[in-house]
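The values are calculated or read from the model by the stated rules, or taken from the named source; none is laboratory data. This one's a predicted model, so the numbers in the text were calculated from it and none came from an experiment. Cβ sites come from the backbone with ideal geometry, for glycine too, and all protein chains shown count toward neighbours.
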Amino acid sequence: KQWYQRRVRAEYSDSFVKSRPAEETKADWEYSVWSGAGAQPAPPVKRKRGAPKKDRGDAKQTKLEQMTLDVGQKVEPTQCAQCGMVYNHTVAEDEQNHNKYHKRFLKASSFSGWKTERVVEEYHDGRIILVNQHDPKSHVKKMEEVREVVDIDLGITDRNQPPAGGHELQAFLYISNANKVIAAAFVEHIEKGYPCVSAHEPDDTGKAPLLKSDDAPMKAVCGISRLWVFKQCRRKKIASRLMDCVRANFVFGCTISKVKIAFSDPTESGRLFAQTYCGTANFLIYR
């Protein structure tokens, strides 16, 4: 009885949890825990004055702005369906260059037709006209506009380079049925060419550049200064038609042999075309 009274008083004591009797059994202790005897609420923790608040200081000190959303996607280059230029639309400089070239290309490629145009060949999908420096000013202006676009597309930087031997350039323009200039060949009179050979060591692009051989120069008549076909119209034998037309109309009354045609600084695509068209890897080059 005395022990029971002592136990009841201890249940309502504030110090029961800290100082329970040593002789108390395990069952008695479990009874006190499950009955909530002696349990006191924890006092609130006061934050010291001047102490920094959690997770607030960093957000106020630095404010970051996310300009692009990166979710692991790949930005592929875009090719314009009208001008054919390949550019990255996410780069501001590429976008500006494309807009500039796009306007220039549309102006140069549009062709409304001339009353006095010189048609040298006609095909099912268009016609080829010849323009030289002695034609009307509007014709010469169109030829220069096309040459400017061709130079940009082919990567020609020295646009003011005079023709070989002082002869004037002539332009064979391929006009589609939709009245668009889709191909062009700028040709000039030459007297000699050199068989080309590939360098033993590749250049910075990993390809072997074309060099003049050490053999004696060979007689040539027609020099292909520039040969260009719109990217969307390639693989359609348009360049071959242009070359056939040049050979048949460059010299009045005769057709020039393929071995008397020379190319000026052809690109990699131009080299492959010249090999196929001329039937040899040692076609003639000049300059």
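Structure notes:
- With respect to (1) in a helix (DSSP H, G or I); (2) of a type in the set (Gly, Ala, Ser); (3) within 17 Å of SER264 (Cβ to Cβ), the lone exception for SER138 is condition (3).
- Unmet requirement for ALA248, which otherwise passes all of (1) at pLDDT 95 or above; (2) more than 22 Å from ASP125 (Cα to Cα); (3) not aromatic (Phe, Trp, Tyr): (2)
- Single residue of LYS115, LYS103, LYS107 found to be more than 25 Å from GLN82 (Cβ to Cβ) and not in a strand (DSSP E or B): LYS115
Okay, residues lined up against (1) touching a Ser or Thr at 6+ places or on another chain (Cβ under 8 Å); (2) at pLDDT 85 or above; (3) under 19 Å from GLY155 (Cβ atoms):
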residue: ASP94; (1), (2), (3): no, no, yes
residue: LYS100; (1), (2), (3): no, yes, yes
residue: PHE111; (1), (2), (3): no, yes, no
residue: TRP114; (1), (2), (3): yes, yes, no
residue: VAL120; (1), (2), (3): no, yes, no
residue: TYR123; (1), (2), (3): no, yes, no
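- Residue selected from the range 243-287 under the condition among the aliphatic types (A, V, I, L, M) and surrounded by fewer than 20 Cβ atoms within 10 Å (Cβ to Cβ), by the criterion farthest from PRO217 (Cα to Cα): ALA248
- Pairing each residue of the range 136-157 that is aliphatic (A, V, I, L, M) with any residue that is in a helix (DSSP H, G or I) and buried (at least 17 other Cβ atoms within 10 Å of the Cβ), provided the two are 6+ apart or on different chains, yields C-beta distances under 7 Å for VAL146/ALA108; VAL149/PHE105; VAL149/ALA108; ILE152/TYR101.
- Number of the exception - GLN232 against (1) surrounded by 15 or more Cβ atoms within 10 Å (Cβ to Cβ); (2) modelled with pLDDT under 90: (1)
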